[in-house]
1. Looking at the chain as a GNM with Cα springs under 10 Å, which of GLN141, GLN203, GLN237 has the largest mean-square fluctuation?
2. Give a residue-ordered list of calculated ³J(HN,Hα) values for region 91-101 (Karplus: 6.51 cos²θ - 1.76 cosθ + 1.60, θ = phi - 60°; whole Hz; x for Gly, Pro).
3. Give me the extension gain from ARG352 to SER55: residue separation times 0.36 nm, minus the current Cα-Cα distance, reported in nm with one decimal.
4. Just subtract the alpha-carbon distance of THR27 and ALA87 from 0.36 nm times their residue separation and send over the number in nm, one decimal.
5. For the chain, what is the charge dipole size about the Cα centre, in debye to the nearest 20, if Lys and Arg each add +1 at the Cβ and Asp and Glu each add -1 at the Cβ?
6. Picking from THR27, THR42, THR337, which is most flexible by a Gaussian network model of the chain using Cα springs under 10 Å?
7. Of VAL223, VAL171, which has the most accessible area and how do the rest follow, probe 1.4 Å?
8. Need one number: nm distance between label points at ARG173 and ALA285, each 7 Å from Cα along Cα→Cβ, rounded to one decimal.
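The values are calculated or read from the model by the stated rules, or taken from the named source; none is laboratory data. Not measured: the values here are computed from a predicted model. Heads up, the Cβs are rebuilt from the backbone with ideal geometry, glycines too, and the neighbour counts pull from every protein chain shown. We work out accessible area using only protein heavy atoms, side chains counted, and drop any ligands, DNA or RNA first. Shrake-Rupley method; radii C 1.70, N 1.55, O 1.52, S 1.80 Å.
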Amino acid sequence: MTRLQLTAEAYRVPTDAPEGDGTLAWTSTTLVLVQARADGHTGIGWTYGPTGTVSVVTDLLAPVVADLDPDDVPAAWTSMRRRLRNAGRPGVAGLALSAADCALWDLKARRHELPLARLLGTARHEVPVYGSGGFTTYDAQRQHRQLAGWVHEQGIPRVKIKIGESCGTEVQRDLSRIAAARRTIGDDAELFVDANGAYQRKQAVRVAHAAAELDVRWYEEPVSSDDLPGLALVRDQVTPDVTAGEYGFDLVYFHRMAPYVDCLQIDVTRCGGISEFLRAAAVAAAAGIQVSGHCAPHQHLAVAAATQNLRHLEWFHDHVRIEAMLFDGASSATGGTLPVPTDRPGNGLRFRAEQAQQFRVA
């Protein structure tokens, strides 16, 4: 029988400038790459998280899939999930499961010489994206250059900035930055904001009302994503769509959240991989709402193309930069959509191992 091998490595890449949002700041981002090997073929999947994710893959997940048929991805996913019972599914273990599941789907596609998008099936051949950045650490000029580049140079018709600076204590600067963003992008592009859970309930409502004339369309995590009644309260009192879900690590999380938001965010690098992303999207569809892929755009691309109720995918500055550096085959989102590769096996990407070595930390 073919033996299935899972390995993992971590690469820490410095940001091109200090980055921050309403509740966190950082100067580097760590990509954890999982490789699934069988029959001389290699599939790749990745997540963004701590280096401890590597040992979860190698010590807990790899042994329980070694004797499984590489094509039986549902069986592998079930075995991995069960192995994580005592380790705890949310958090680092969930990141490991997600990257491993994505690698297994990629391996299956490559073994059968199929594009991953063809293996999963496609609902679309281009995936709409929104430019995401506008960090609270940016000065006015850097924010302007980034947003203008997306909208006026690349033709991306929707962009997002971070607000909720300093845990919601700098509301006037938040409002000034939203107004500046609208001036930069003009009247035709859609403007999104993300508070990363920094505001209190009524504070979040007041901020939305104060920015009403700026036509904000997307209000991400105006309050903590753990405050489901708070999300519903804000949703019902503001004009922008209220959204959350990026911290979902299992299906029950999405089932609980779906009734409280206008659009459900799902992160394939956290939720349990492609296998769980598709189930979470079905939960959202049953609640009558759409989903949006959170960050890691190239890891999302095939499953986003397969998801009928997808609204868009986050073209997150930090991850776009890293994926372009570390993977051959990374695409451009010029025009506001990301083309789905259907002319190369698997996800269509090749990891640049030699170039990445300078960043390896595990």
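1. In the Gaussian network model the winner is GLN141.
2. For region 91-101, the Karplus-derived couplings read x, 4, 4, x, 4, 5, 4, 5, 5, 5, 4 Hz, x marking Gly and Pro.
3. Details: separation 297, 0.36 × 297 = 106.92 nm, distance 2.20 nm.
Going from the current span to full extension adds 104.7 nm.
4. Working: separation 60, 0.36 × 60 = 21.60 nm, distance 2.88 nm.
Computed gain between THR27 and ALA87 is 18.7 nm.
5. Working: 36 positive and 42 negative charges, 82 e Å.
It works out to roughly 400 debye.
6. Fluctuation is largest for THR27.
7. On the way: VAL223 0, VAL171 35 Å².
So the residues, ranked largest to smallest area, are VAL171, VAL223.
8. A separation of 4.4 nm, rounded to one decimal place.
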